[in-house]
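The values are calculated or read from the model by the stated rules, or taken from the named source; none is laboratory data. Note that the coordinates shown come from a computational prediction; the quantities given were computed from them, not determined experimentally. Note that each Cβ is placed from the backbone with ideal geometry, even for glycine, and that neighbours are counted across all protein chains shown.
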Amino acid sequence: MMDSNFAALQQLHSSQRVAIYCRLSKDDNLDGESASIQNQRDMLETWCQEHGFSVAGVYADDGYSGLYMDRPDFQRMLADCKQRDEFFPSTISAT
């Protein structure tokens, strides 16, 4: 449930920058990005906007298992955090 961590997130400043990371491990037979990834992105961007969070970046790995850390956009997100010297302390999950 997305709001399960909301009480803790409310304590963060409203200008808190966050990263959105979407992942789906199975291809849903669509060309390009899956509908599920797009749905996750839309849901999380809306949630962030409604709760005053600034989205610093959106990252998505479609067709990659969460078992391994070598997912391309996950690694890009980590590199961006280091490069920007930003820290994204909270995870918001659409599942």
* Residue satisfying condition, being surrounded by 12 or more Cβ atoms within 10 Å (Cβ to Cβ), at pLDDT below 80 and among the aliphatic types (A, V, I, L, M), within set MET2, MET43 -> MET2
* Residues (in contact with a strand residue (DSSP E or B) (Cβ under 9 Å, 6 or more places away or on another chain), at pLDDT 90 or above and surrounded by fewer than 16 Cβ atoms within 10 Å (Cβ to Cβ)) located in segment 59-74 -> PRO72
* **Pairs, first farther than 13 Å from PHE74 by Cβ in segment 41-63, second in a strand (DSSP E or B) and aromatic (Phe, Trp, Tyr), C-beta under 9 Å, six or more apart** => LEU44/TYR21
